[in-house]
Amino acid sequence: MSAADTTLRAGLEAVMREAMQLARQVPPEQAHKKAHQDYVTEVDMKLDRFLETELGALTPGCPVLSEERAVTHAGSLERYWIVDPIDGTLNMMSGLPFYGIAAALVDRDGPQLAAVAAVAQDEVLIAERNQGAWLNGQPLRLPKTPPLLIVLSTGLLDHLMQDDNAQWEGIRAIGKIRNLGAQALHLCGVARGQFAAVASVEARVWDEAAAGLILREAGGIWQSRADRADWTDPTALMAITKQYSVAADPASAAALVPLLPEAFSLTAGPAGTWPPT
């Protein structure tokens, strides 16, 4: 790892800690409805502007794209940031302490450097491709014993409960089902040993890009249809909806393969392997 890489990683952590402070200072009451049960608040917008400025200063000339700004580029980008100013906006609005801030520096191979800030817990998780993952500066690795909780998205829950009772019962036999409403923190929860697996049919690339790299570098599996797309075409990448994604520790992934074959038929990205070795 070069001195420049270390400096950039330290700069990213500093930006995320400042972003957490800003998130705590701005009241979330002023909210606008984007879609059914989907909101944007003044916190989202202020953090969006803050991250655009500060991340842009870390990497001059590197665009900063986000969930809150529909940015269209006529052509490819070799390097850019993709951010989610607040992951779990409805949780934040409701006073639930499970929401975060996510940022990933992306190149043609996918997420290269990533950070997720858990605001209520005052924690920052960082990962660098092929270099490892850290939680508040300490190395982060999956625990040896998988936990007993599994996170399923509401869309996937609807499908399993209506259409395939065998799949539903099989997954329930592996672990108890939860959904806490913040996908980046769900994936980070796998990385730190809180959840055995996370499966979704509606997560967007800004929800998962940063946390997916953190999980891989901690020793876990992350696969998604967005990760198989062309990372140099962010306009198309950010338009992908209803995508299958799965994140898990290797032992739980092995148990879930026959139950979620659509997800595990995907090929993992550069830092992930399947089957686990």
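Laboratory data are not the source of any read-out in this text; all were calculated from the coordinates shown. Bear in mind that the values here come from a model prediction, so they are computed numbers and not experimental data. Cβ sites come from the backbone with ideal geometry, for glycine too, and all protein chains shown count toward neighbours.
When a footprinting reagent is the concern and you count Cβ atoms within 10 Å, what order do S245, S153, S252 take, fewest first?
Lowest to highest Cβ neighbour count: S153, S252, S245.
Express in nm, to one decimal, how much length is gained between L96 and D109 on full extension, taking 0.36 nm for each residue of separation and deducting their alpha carbon distance. Working shown, then result.
Details: separation 13, 0.36 × 13 = 4.68 nm, distance 3.51 nm.
Value of the extension gain: 1.2 nm.
Between N179 and I240, what is the label-to-label distance in nm when each label sits 7 Å out along the Cα-to-Cβ direction?
Taking the simple label geometry, N179 and I240 are separated by 2.1 nm.
At most 10 other Cβ atoms within 10 Å and a DSSP loop assignment: could you name the trypsin sites (Lys or Arg not before Pro) in segment 136-235 that fit? Mind dumping the intermediate values first?
Values: sites: R141, K144, R172, K176, R178, R192, R204, R216, R225, R228; in loops: R141, K144, R192, R204.
Of the trypsin sites (Lys or Arg not before Pro), the ones in loops of segment 136-235 whose Cβ has at most 10 other Cβ atoms within 10 Å are K144.
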